[in-house]
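Down below is the structure, laid out as structure tokens.
The values are calculated or read from the model by the stated rules, or taken from the named source; none is laboratory data. Quick caveat: nothing in here was measured; it's all calculated off a predicted structure. A quick note on method: Cβ atoms are made from the backbone with ideal geometry, for glycine too, and the neighbour counts reach across all protein chains shown. Just the protein is used for accessible areas: all its heavy atoms, side chains included, with ligands, DNA and RNA removed. Shrake-Rupley method; radii C 1.70, N 1.55, O 1.52, S 1.80 Å.
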Amino acid sequence: MSTSLDADSCAAAQAHPNIALIKYWGKRDLPLNLPVVGSLSITLDTLWTRTSVRFGNDLLTDRLSLNGREDAKQLRKVSACLDLLRARAGTEARAEVVSHNNFPTGAGLASSASGFAALVVAADAALGLGLPQGTLSEFARRGSGSASRSIFGGYVEWALGERPDGEDSVARPILDAQAWPLRVAVAITSTAEKAIGSTEGMNRTADTSPYQRAWIDTQEADLAEARAAIVARDFERLADISEFSCLKMHALAMAAKPGLLYWNAATMAAMHAVRALRASGVPVFFTIDAGPQVKAICLPSAAVQVAAALREVPGVLKVLETGLGGPAKLIPVTEAEAA
Ligand code: PMV
């Protein structure tokens, strides 16, 4: 039975993008967004999405404003995600969603991860549900797989899970950001929206890449290695396994038909710059997602040098610097609207 809401069912939340060190690529269930592999990430600090959600009995349809513009493409996904929360609250009230990112949207910087994490945290509060974080992670996953990890801060693992309904395929924090405060420099090499989104890329890879089986079969060992490196705060060990996972994911996707090429010339140049720094003793490694940006992860002592070196790379437009951040959290609605 659907219930009517109080006039003012409004809340806002902030969430940060995360960057996978052990990558997620491939879905075993499309509608539920269940992965073929587990994954492990770090949540960032200074980059954020701020989102306010107002449920109102006066609204005839859901509405979405993203970075000041109506966004019909994202609205469908946002509505589907809100439906999960509406079902829990027993309401059919429509919502007005206003969301801002302080970084480029849809360009391989995980704006969908922070976006859906902020959305579910805000909607949960607006509806007065108070769902556990595991359920928020599950609902965020339905919007965008990697969003399951942005519910949490620091070092986070998203479990593969076994259940067909996906209730056990949720993220959990494995180490606080403060316990090992690595730094990240993001080299922006293009601000264009990517040509092939992650869902299309993953499906094409699963259908055509001859390496799909090897990808699935080798992931558990990579996760175990990364977990061990994090527990031991062993930077070199984490660097080796993270670059391995990144290059393996891209090799898998490049071997699809037609092959997926997410890199440009500056991406490649930045990878070589990071490798050269590391060869000269600087504690840094790279990772790259389904886009051309290069994320360089380093120890705090190397942060200034790494950012400066990336700024010198031909084709790098801008370098964003950040540390590791905390979980998605509620913020005043006025703060979200001022974003
Ligand atoms: O969550 P999606 O559908 O945006 O896919 C994310 C895929 C990668 O960023 C390439 C890897 C990852 O684990 O985040």
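Scanning the stretch 161-192 for residues that are open to solvent by 10 Å² or more (accessible area, probe 1.4 Å) and more than 26 Å from LEU320 (Cα to Cα) gives GLY161, GLU162, ARG163, PRO164, ASP165, GLU167, ASP168, VAL170, ARG172. Would it be correct to say that ILE297 is open to solvent by less than 80 Å² (accessible area, probe 1.4 Å), touching a Cys at 6+ places or on another chain (Cβ under 6 Å) and either closer than 25 Å to GLU225 by Cα or within 16 Å of the ligand (Cβ to nearest atom) (or both)? No; evaluated as a whole, the condition is false for this residue. Considering only residues in the stretch 139-160 that are open to solvent by 20 Å² or more (accessible area, probe 1.4 Å) and within 28 Å of ALA179 (Cβ to Cβ), the one that is nearest to the chain's Cα centre (by Cα) turns out to be SER146. Per the conditions (1) farther than 30 Å from ALA269 by Cβ; (2) free of Cβ contacts under 8 Å to residues at least 24 places away in the same chain; (3) not in a loop (DSSP other than H, G, I, E, B), the sole criterion not satisfied by GLU200 is (1). Would you confirm whether any residue within the stretch 77-84 is more than 16 Å from the ligand (Cβ to nearest atom), within 27 Å of ASP222 (Cβ to Cβ) and modelled with pLDDT of 95 or more? No, because not a single residue in the stretch 77-84 is more than 16 Å from the ligand (Cβ to nearest atom), within 27 Å of ASP222 (Cβ to Cβ) and modelled with pLDDT of 95 or more. Of all residues in the stretch 15-37, those that are more than 10 Å from the ligand (Cβ to nearest atom) and either open to solvent by less than 20 Å² (accessible area, probe 1.4 Å) or under 17 Å from ILE230 (Cβ atoms) (or both) total 3. A single member of PHE116, PHE103, PHE55 is among the aromatic types (Phe, Trp, Tyr) and surrounded by fewer than 23 Cβ atoms within 10 Å (Cβ to Cβ), and it is PHE103.
To keep it simple, each residue is scored yes or no on (1) surrounded by fewer than 16 Cβ atoms within 10 Å (Cβ to Cβ); (2) small (Gly, Ala, Ser); (3) out of contact with any strand residue (DSSP E or B) (no Cβ under 9 Å at 6 or more places or on another chain); (4) within 20 Å of ALA255 (Cα to Cα).
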residue: LYS194; (1), (2), (3), (4): no, no, yes, yes
residue: SER198; (1), (2), (3), (4): no, yes, yes, yes
residue: ASP207; (1), (2), (3), (4): yes, no, yes, yes
residue: ARG213; (1), (2), (3), (4): yes, no, yes, yes
residue: ASP222; (1), (2), (3), (4): no, no, no, no
residue: ASP234; (1), (2), (3), (4): yes, no, yes, no
residue: ALA239; (1), (2), (3), (4): no, yes, no, no
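Identify, from the list LEU82, LEU129, LEU66, the residue that is under 26 Å from TRP158 (Cα atoms), open to solvent by 30 Å² or more (accessible area, probe 1.4 Å) and hydrophobic (A, V, I, L, M, F, W, C). Exactly one of LEU82, LEU129, LEU66 is under 26 Å from TRP158 (Cα atoms), open to solvent by 30 Å² or more (accessible area, probe 1.4 Å) and hydrophobic (A, V, I, L, M, F, W, C), namely LEU129.
Note on the stretch 85-97: residues that are touching a Gly at 6+ places or on another chain (Cβ under 9 Å) and open to solvent by 40 Å² or more (accessible area, probe 1.4 Å) amount to 2.
Tell me which residues, restricted to the stretch 120-135, are among the aliphatic types (A, V, I, L, M) and either within 19 Å of GLY38 (Cβ to Cβ) or outside any helix (DSSP H, G or I) (or both). If you could, list the steps in order and put the result at the bottom.
Kept after step one, since they are among the aliphatic types (A, V, I, L, M), are these residues of the stretch 120-135: 120-123, 125-127, 129, 131.
Across the stretch 120-135, the qualifying residues are LEU127, LEU129, LEU131.
Given the criteria closer than 21 Å to LEU30 by Cα, in a helix (DSSP H, G or I) and not β-branched (Val, Ile, Thr), does ALA253 qualify? Yes: the conditions hold for ALA253.
Is it the case that LYS329 is open to solvent by 70 Å² or more (accessible area, probe 1.4 Å), touching a strand residue (DSSP E or B) at 6+ places or on another chain (Cβ under 9 Å) and closer than 29 Å to SER137 by Cα? The answer is yes for LYS329.
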